[in-house]
Structures are given as structure tokens and as C-alpha cells.
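The values are calculated or read from the model by the stated rules, or taken from the named source; none is laboratory data. Only a predicted model underlies this, so the values are computations on that prediction, with no experimental measurement involved. Note that we place each Cβ from the backbone using ideal geometry, even for glycine, and neighbour counts take in every protein chain shown.
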Amino acid sequence: MTAALQRAGGEGGARWPPRAVPAAWILIMYLRKYAIYVMLPVPVEAARVAGDDASERAVDRDLGCDASRSLRHRDSLIEAARAMNRPDDQSVATDGGRPNPARTGGRVVPPALGPRGEGWFAAQVGVLGIAAVAGLSGRPGGYGPVAAAAGLLLILSGVVLATRGVIDLAGNLTVFPRPRAGARLVDRGAYRLVRHPIYGGLILGSVGWGLVMGSATALGAAAALALLLGLKSVREEVWLTAAFADYEAYRRRTRRLIPWVV
């Protein structure tokens, strides 16, 4: 398998670091079970609420919020949960007060990976590093001038999108998916186009990097990054829905990652 992936790195003797191949393969195999969830319309880690107290407490536990949240926020959670349009009307499946294998009604929900999602950030940094190293082992311009030009355009677009996202977040910015205490919902600037412009910018930039450097392994790492950030955004929106009463309405009218695309 290692030799095959190394050969996929492109012509000109490009090599994928031997130790990185098993790590990347394990990461992809772990994340693929969550891949379909990225395409689901509502990232809410809760089932529809039947109305009993036990179900509401289960929703609170799953979304990582306290039961003393205001009624306005709790109503928002229930509305978001109902938007999942599930065929059944059951409460969150729990096991000893915790989500049972992070599943609700057969839909897989990405795990928290830490109180604030620290594991997601660590994985993001790791995959970005793999993409960068893989590009350096490629053959610049190896896919032809058209691909190289397209790659440069994607890199520029990604930089603009991500930078604008950072500027628009201002004091709300955090590297972790769970929002800061006291943060406000931002729906202006880049956030009028997509809910996660920084993630979208990173994806565009990594794909462009692979095209410019003529590296198949870098493009593969970009695909892994897109999957990872898509799942991270799903997990993040669980917390965002808990924190902001208006988030569900914002989610419905705004694309996730790439303006006018997805």
C-alpha cells in the first residue's frame, strides 16, 4: 500500500514520506464513516423532542449546554432538532447519561474530541502539514499551465475568503470549534456567503497548492482536509446552535463552506 501511494505522488521521483502514509490512511479510514453526515442539512446532535423532561435533559447533555439555559435558547434547540426531519420522534439515545456511540436515530454525529473540540484543531493542523509537505515533494507545473493557473486562482480565492472570515470574526475568533463564552453570532461580510469561510478558504488553498505543485498526494491530502473540516463544521454547529437562538435560521439561508457551491 505504501509503495502504491508513493507512486501516486506524480512523476519525477516525487515521494510521500513513508511514515505519513499509514497515518494518512488510518485518518481517512476513521473519518469515512462520518463522510455522509457532512451532506446532511442540519448539524444538530439531538433527535426530535417528545416533550418529556428526560428528553430535554438528553438534548442539553448532547449539545453541551446547561439545563439552566434560557427558554429562548432551549426553544431554538428543539426547533433545530425538529428540522432534522427524521421519520421517528424519539429522544436522544443515551447510555448512562451520555450519547450512545454519538448516534441519534441511526445518524452518525462527529465526536466532540475535547471540551472545546481541541482534537479537531490538532487533526486540522496535522492534515494541513501533510498537504504542505506533499506539495513540496511534487513537480511544480507537472499538470500543465492551465492546472497551474487554476491552482493559483484557487489559492488567491482561498486567501481572500479565509482572511475576510478572520477579520469579520474579530474578537469572536477561536481556533477551536466550540465558540467562546460571550461570543456573538456573526452573519456579515464573508459570513453572509458561507457559514465557515475560514474552512472554505483552507480547502480552496490546499486544492490550489496541489494543482500548482503537480502533486497527487497533496491533492489527496486536500480531499482529506475537506472531509475533516466538513465534519468539524458539523460538530461546531452543534455548539453554535446551542449558543445562539438565531443560528438555525442563519444556517437555513447560508451555504456551509464554499460560496455559491456548498
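Of all residues in the stretch 235-262, those being in a loop (DSSP other than H, G, I, E, B), within 14 Å of the chain's Cα centre (by Cα) and at pLDDT 95 or above number 3. Only residues that are crowded, with 19+ Cβ neighbours inside 10 Å and assigned to a loop (DSSP other than H, G, I, E, B) were counted across the stretch 143-152, and they come to 1. Need pairs with beta-carbon distance below 9 Å; first residue over 9 Å from residue 221 (Cβ atoms) and in the same structural domain as residue 155 (by TED's automatic domain parsing) and within the stretch 119-132, second crowded, with 24+ Cβ neighbours inside 10 Å and hydroxyl-bearing (Ser, Thr, Tyr); sequence gap 6+ or separate chains. Listed pairs, sorted by first residue: 124/199.
Taking the criterion of being in contact with a Ser or Thr (Cβ under 7 Å, 6 or more places away or on another chain) and in a loop (DSSP other than H, G, I, E, B), the residues of the stretch 163-200 that qualify are 180, 195, 196.
Residues are listed down the side, and each one gets a yes or a no for (1) under 19 Å from residue 120 (Cβ atoms); (2) crowded, with 21+ Cβ neighbours inside 10 Å; (3) touching a Lys or Arg at 6+ places or on another chain (Cβ under 9 Å); (4) small (Gly, Ala, Ser):
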site	(1), (2), (3), (4)
154	no, yes, no, no
159	no, no, no, no
202	yes, yes, no, no
222	yes, yes, no, yes
236	yes, yes, yes, no
249	no, no, no, yes
255	no, no, yes, no
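Within the stretch 248-262, the residues that satisfy the criterion of being closer than 17 Å to residue 198 by Cβ and in contact (Cβ under 8 Å) with a residue 60 or more places away in the chain are 250, 251, 254, 255, 256, 257, 258, 259.
Being over 21 Å from residue 235 (Cα atoms), β-branched (Val, Ile, Thr) and in contact (Cβ under 8 Å) with a residue 40 or more places away in the chain is the filter here, so list the residues in the stretch 157-193 that pass it. Result: 159, 160. Of all residues in the stretch 160-182, none satisfies the criterion of being among the small types (Gly, Ala, Ser), at pLDDT 95 or above and more than 16 Å from the chain's Cα centre (by Cα).
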